[in-house]
Amino acid sequence: MDPQQSQTAKTFDSYKDTYSNAVDASVSFTGLSTDFFTKVKADYIIDVTQARQGVPKELSALDVGCGVGNYHSLLSPHFKALSGVDISAACVETARGRNATVDYKVYDGVTLPYETGTFDVAFTICVMHHVPPSQWQGFAREMRRVLKPGGLALIFEHNPRNPLTMRAVNQCPFDADAVLMRSETTEALYREAGFKDIVSRYILSVPPANGLLRRVDQLFARLPFGGQYYVAATA
């Protein structure tokens with residue numbers, strides 16, 4: 001593991017028990033919580049997977065940069081199999097204790113510890129801004145490598161155009177090293193890695209607390225106002 005990734009791992013090791021508290025503090029000005037944002041993105045993962053790949057219950061999925069597994073109790077019932085991988089051994093240990101049905105591994109931040117063509121879906125949630133920019137391309141290529149042909153890659157990131165997002169990032173102690181990426185940059189990385197059918201959409205333009213509000217949120221999906229965005233791509 002290179003020194004920058006090693007430092008990132010140590011940083012997240014120290015938040016293995018307080019991750020949600022740190023996020024809650026950074027977004028407290030919104031009146032919303034970590035649990036709210038977690039559920040929103042879990043719902044989007046299920047929706048996009050259903051639309052692009054079919055029934056999630058028939059698919060295997062990998063969470064790259066899974067942290068303490070905050071999303072997995074919401075996602076694991078919907079997939080045939082769910083795996084998580086992270087550079088923080090302490091966070092992975094916490095995730096194991098929280099989600100007994102999920103398979104977890106620790107990795108070096110460079111090579112994912114899976115065979116080529118293992119998964120139907122690979123997603124990463126607000127992780128790439130912690131990856132050194134010199135390694136972004138390798139990160140994208142590794143996601144593609146572990147996907148089956150035609151598999152879905154789904155990348156969620158903060159939208160640096162949104163001032164409220166920037167406020168939250170600037171207040172979050174473990175985002176001190178963050179290098180935020182515009183959606184165009186993320187699209188280009190995944191195009192260069194060999195993905196196709198690349199689509200980006202903005203989310204959290206409104207707080208999508210239920211199905212109706214999520215449909216309202218989707219009305220603004222092509223406008224760069226949302227607090228975050230996702231890029232969906234086919235291997």
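The values are calculated or read from the model by the stated rules, or taken from the named source; none is laboratory data. It should be emphasised that the depicted structure is a prediction, and the values quoted were computed from it without experimental measurement. Cβ atoms come from the backbone with ideal geometry, glycine included; neighbour counts cover every protein chain shown.
Below, the figures for the structure above:
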| item | result |
| --- | --- |
| Some residue of region 128-148 being outside any helix (DSSP H, G or I), in contact with a strand residue (DSSP E or B) (Cβ under 7 Å, 6 or more places away or on another chain) and either aromatic (F, W, Y) or within 18 Å of Y229 (Cβ to Cβ) (or both) | no |
| Restricting region 145-161 to residues that are surrounded by 20 or more Cβ atoms within 10 Å (Cβ to Cβ) and not hydrophobic (A, V, I, L, M, F, W, C), the residue that is farthest from the chain's Cα centre (by Cα) | G151 |
| Residue in region 137-151 that is in contact with a Gly (Cβ under 8 Å, 6 or more places away or on another chain), of a type in the set (S, T, N, Q) and at pLDDT 95 or above present | no |
| Considering residues of region 222-235 that are more than 18 Å from the chain's Cα centre (by Cα) and not basic (K, R) only, the residue surrounded by the most Cβ atoms within 10 Å (Cβ to Cβ) | P224 |
| Number of positions in region 1-13 that are small (G, A, S) and either surrounded by 14 or more Cβ atoms within 10 Å (Cβ to Cβ) or at pLDDT below 80 (or both) | 1 |
| Top-ranked residue of region 87-136 - restricted to ones that are without any contact (Cβ under 8 Å) to a residue 60 or more places away in the chain and of a type in the set (D, E), ranked as nearest to D47 (Cα to Cα) | D103 |
| Residue list for region 79-118, restricted to those being under 16 Å from the mean Cα position of the chain (by Cα) and either over 23 Å from V231 (Cα atoms) or hydrophobic (A, V, I, L, M, F, W, C) (or both) | L82, V85, I87, S88, C91, V92, A95, Y104, L112 |
| Any hit, region 199-217, residues being in contact with a Ser or Thr (Cβ under 7 Å, 6 or more places away or on another chain), in contact (Cβ under 8 Å) with a residue 24 or more places away in the chain and surrounded by fewer than 17 Cβ atoms within 10 Å (Cβ to Cβ) | no |
| Some residue of region 188-201 being out of contact with any strand residue (DSSP E or B) (no Cβ under 6 Å at 6 or more places or on another chain), of a type in the set (S, T, Y) and not in a strand (DSSP E or B) | no |
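Residue by residue, here is whether (1) in contact with a strand residue (DSSP E or B) (Cβ under 8 Å, 6 or more places away or on another chain); (2) more than 22 Å from V216 (Cα to Cα); (3) at pLDDT 95 or above holds:
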{"residue": "A22", "(1), (2), (3)": "no, yes, no"}
{"residue": "T30", "(1), (2), (3)": "no, no, no"}
{"residue": "A51", "(1), (2), (3)": "no, no, yes"}
{"residue": "S60", "(1), (2), (3)": "yes, yes, yes"}
{"residue": "S73", "(1), (2), (3)": "no, yes, yes"}
{"residue": "H78", "(1), (2), (3)": "no, yes, yes"}
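One line per residue, one yes/no per condition, for (1) surrounded by fewer than 17 Cβ atoms within 10 Å (Cβ to Cβ); (2) touching a Pro at 6+ places or on another chain (Cβ under 6 Å); (3) free of Cβ contacts under 8 Å to residues at least 24 places away in the same chain:
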{"site": "K16", "(1), (2), (3)": "no, no, no"}
{"site": "S20", "(1), (2), (3)": "yes, no, no"}
{"site": "D24", "(1), (2), (3)": "yes, no, yes"}
{"site": "F29", "(1), (2), (3)": "yes, no, no"}
{"site": "L32", "(1), (2), (3)": "yes, no, no"}
{"site": "D35", "(1), (2), (3)": "yes, no, yes"}
{"site": "T38", "(1), (2), (3)": "no, no, no"}
